[in-house]
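S.K.: Okay, here's the structure, questions in a sec.
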Amino acid sequence: MEHDSTFPIKNSELDTLRDEATSYLRGIQWEQGGKAKSRNKEKKDESILLYLSKATGNAANEVISVSKTILALKKRLLPNSVAIPIHLNRALYALQEGLTMGIWLKDSYADASGLSTLNERKSTLDVSQRREYDSKQQTATAFMLHGIACRVLFDLKPLASDDLSVMRNKFAGIPELSVLSPLKGISCMLFYFDTYLNHPEIITSDEEMTNFSVVFFEALISEIQQRLATFEYTETITDRTYKLEKSEFAISGWDNVFEGTAVSVEFNKVQFEEIVGNRDAKHFARRLTERMMSYDFEAKKNPFQELGGFMPVFMGYGIPGTGKSMLIAAIATKLKEQCDALDIPFLFHPMPDTLISTFQGGSAEKMVQWMKPLQDPNKLIFAPIDDAENNLQERTAQGVSAGVKEVIGVFLRYTEGAYAINYGNSSIGLFTNLPEMLDKAVISRVQGRFKIDGARNIPDFIDQDYIWWRKFEKTMPDFVNMKNPMDYEFLSEQGLAKNLSEILNQSEKPTEARVLEIYEEVEAKYSTNEHLFFAELYKRIQKSFPFFSSRDIRNIQSTISLRLTDFDLPEDWFNDPELYFKKDYDTKFAMLKELMKANMKGLDFSDIRRQETVRYLDNVATIADTDFKRKVEARVHDLNVSLEANKIFENGNS
């Protein structure tokens, strides 16, 4: 969302509102609404909601005091101490600061929207003005509650546990939310916050106070987000950003900035040398990690983007069991090790398996939540999508769910279009056994691709066995009583290639029959070092493969740029970060240009262009033909089964 102007929130102005905020913590009154009460009565078990119902018997006559509840909690958590437990203290302080911020935002909205003027003339308003007053009062209350929650989360979310699932399971939601007036909004919110705190099973340790506060105020934001369509007169909210002086805290309209926060997922550590074969894939992965590490946090850009060697979206594909999951872990391991060495924040952010929702719009919402952290310029982010064909399947195929279509729609918007922000610090990797099943528009977003083909030669098969049996050797020497190969050192062939030309010897001419035929026809007409050769080749390929488009040509250009930037960063740059990684952006860019020029020695641009074009077109044909071949093989298999069954049947009856 774009906001036209930024307004400062001054600490001196907040100071004048803190007493009002504190008074709410000392005491409020709230009587549950009919719906919340009836919802509680439907619950037959001793649940949180039934507890809420029992706790509210005399709510109309009783003052609820959060500060008293906090003191009671203190006695329960630290019975023999005068001190207030640290998390409890922080949560109370965050709530006080949140209330102060919410009141300031409500007052600011009232002045900007004309609500203050209506309030001054409240007794003389006609029917339409009264309606406008009520409507603006509700919007002011909702914005105030949104601001309270954002401020509390800003202070407490960094201190909460990475995994909040235990607390979320205990939490039963906020039964009602009042936006009729600011006083009712705060009273209703604090009433339920207090009632949860009084429940004996919610806060059982000091740390749980922070976790509960985060879960509660995330739920409050979610409740408001669901009602946004019902609020009117919101122009003076959506057109501006408020920023707290001397702080990173800001409120941009109704934006839920906490939707985009994510923590790194745990993964098994794997070294590239432990992956057998897959030279192409390992080389690509190593280049990816080096390019990501070149990101400049000050300039918020990556010099490799300017050189054309960065891939925001890439794809690894191959038959099952060839090492896709190991490769994901190896990329994450390499990035984490290098980030730790350079003290850089790293986010490993795989797509969850539970993304597709049965609710209409639910999958899109979950996908937006997954994509948003990729726009954070303050960390390096690797976002793999394993078994990508499950969530990004061809939309035109029969039986594809609405959820898959929603996920693809969000993916396309965030990878190219108005939402697509890439600073050169994040990369999405699609990993699949069935690339031909991926949606064509998704495939067209892929700027780098490689085959994950596992063990392919004698050293690969020897090493695959060696990785397995060396475990016995470690625990029981001489147990594996077999001869080692004469002239081969185990794992010596599993190292990383120096550059792509070591791997790509085979790509002088296409290997796919249809592409080779077109290629040779065009080659008979033009030399491969003429621009016209490529224009004619693309035109004919498009005739045979109608889905081949301008975007594919851009992708070919990207792969050529990747090849031109296919050089090692010197080892001493990693050993001493001051030599390169800690330099300013312009210096890094100049150093990379020098490396690129040195790397071009002995290489010819037209050769690289031809090789990469051939490689890409082979890839296009492979993906297009695989689906057809699979269907043919399945039909042949069925026919063979029928023939064999007929034979057995005839022999049995003869």
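S.K.: Can you work out which of the residues in the stretch 150-165 that are touching a Ser or Thr at 6+ places or on another chain (Cβ under 8 Å), of a type in the set (A, V, I, L, M, F, W, C) and assigned to a helix (DSSP H, G or I) is surrounded by the most Cβ atoms within 10 Å (Cβ to Cβ)?
M.R.: 152
S.K.: Kindly list the number of the only condition in (1) of a type in the set (S, T, N, Q); (2) surrounded by fewer than 15 Cβ atoms within 10 Å (Cβ to Cβ); (3) at pLDDT 85 or above that fails for residue 226.
M.R.: With (1) of a type in the set (S, T, N, Q); (2) surrounded by fewer than 15 Cβ atoms within 10 Å (Cβ to Cβ); (3) at pLDDT 85 or above applied to residue 226, the lone miss is (3).
S.K.: So which residues in the stretch 185-206 are surrounded by fewer than 18 Cβ atoms within 10 Å (Cβ to Cβ) and assigned to a helix (DSSP H, G or I)? Steps first, please.
M.R.: Initially, the stretch 185-206 is screened for residues surrounded by fewer than 18 Cβ atoms within 10 Å (Cβ to Cβ), giving 198-201, 204-205.
Listed by number, the list holds a single entry, 198.
S.K.: So the check is Cβ under 6 Å with 6+ separation or different chains; which pairs have a first residue in the stretch 174-186 that's in contact (Cβ under 8 Å) with a residue 12 or more places away in the chain and a second one that's in a loop (DSSP other than H, G, I, E, B) and β-branched (Val, Ile, Thr)?
M.R.: Close Cβ pairs (under 6 Å, with a partner that is in a loop (DSSP other than H, G, I, E, B) and β-branched (Val, Ile, Thr)) amount to 185/179.
S.K.: While we're looking at this one, here's another question. Of all residues in the stretch 354-399 being at pLDDT 85 or above, under 25 Å from residue 319 (Cβ atoms) and of a type in the set (A, V, I, L, M), which is nearest to the chain's Cα centre (by Cα)?
M.R.: Step by step, filter the stretch 354-399, then rank; the result is 383.
S.K.: Report, by residue number, each residue of the stretch 102-125 that is free of Cβ contacts under 8 Å to residues at least 60 places away in the same chain and hydroxyl-bearing (Ser, Thr, Tyr).
M.R.: 116, 117, 123, 124
S.K.: Okay, next question. Name the pairs whose Cβ atoms lie under 8 Å apart, with the first residue in the stretch 274-289 and of a type in the set (Asp, Glu), the second crowded, with 23+ Cβ neighbours inside 10 Å and in a loop (DSSP other than H, G, I, E, B), and 6 or more positions between them or separate chains?
M.R.: none
S.K.: Got a sec? Which of 490, 479, 461 is under 27 Å from residue 287 (Cβ atoms) and modelled with pLDDT of 85 or more?
M.R.: Working: 490 fails: modelled with pLDDT of 85 or more; 479 fails: under 27 Å from residue 287 (Cβ atoms).
It is 461.
S.K.: Can you find a residue that is out of contact with any helix residue (DSSP H, G or I) (no Cβ under 6 Å at 6 or more places or on another chain) and free of Cβ contacts under 8 Å to residues at least 12 places away in the same chain anywhere in the stretch 338-352?
M.R.: Scanning the stretch 338-352, I find at least one residue that is out of contact with any helix residue (DSSP H, G or I) (no Cβ under 6 Å at 6 or more places or on another chain) and free of Cβ contacts under 8 Å to residues at least 12 places away in the same chain, so the answer is yes.
S.K.: Please state which one of 619, 646 is surrounded by 10 or more Cβ atoms within 10 Å (Cβ to Cβ), at negative phi and in contact with a strand residue (DSSP E or B) (Cβ under 9 Å, 6 or more places away or on another chain). Don't jump to the end; show me each part of the working.
M.R.: Working: 646 fails: in contact with a strand residue (DSSP E or B) (Cβ under 9 Å, 6 or more places away or on another chain).
So the residue among 619, 646 that is surrounded by 10 or more Cβ atoms within 10 Å (Cβ to Cβ), at negative phi and in contact with a strand residue (DSSP E or B) (Cβ under 9 Å, 6 or more places away or on another chain) is 619.
S.K.: Next question. Given the residues 638, 618, which is the only one that is modelled with pLDDT of 85 or more, more than 30 Å from residue 538 (Cα to Cα), of a type outside the set (A, V, I, L, M, F, W, C) and outside the structural domain of residue 314 (by TED's automatic domain parsing)? First the steps, then the outcome.
M.R.: Numbers: 618 fails: more than 30 Å from residue 538 (Cα to Cα).
Sole residue among the options that is modelled with pLDDT of 85 or more, more than 30 Å from residue 538 (Cα to Cα), of a type outside the set (A, V, I, L, M, F, W, C) and outside the structural domain of residue 314 (by TED's automatic domain parsing): 638.
The values are calculated or read from the model by the stated rules, or taken from the named source; none is laboratory data. The structure displayed is predicted, hence computed values, not measured ones. Note: ideal-geometry Cβ built from the backbone for every residue, glycine included; neighbour counts use all protein chains shown.
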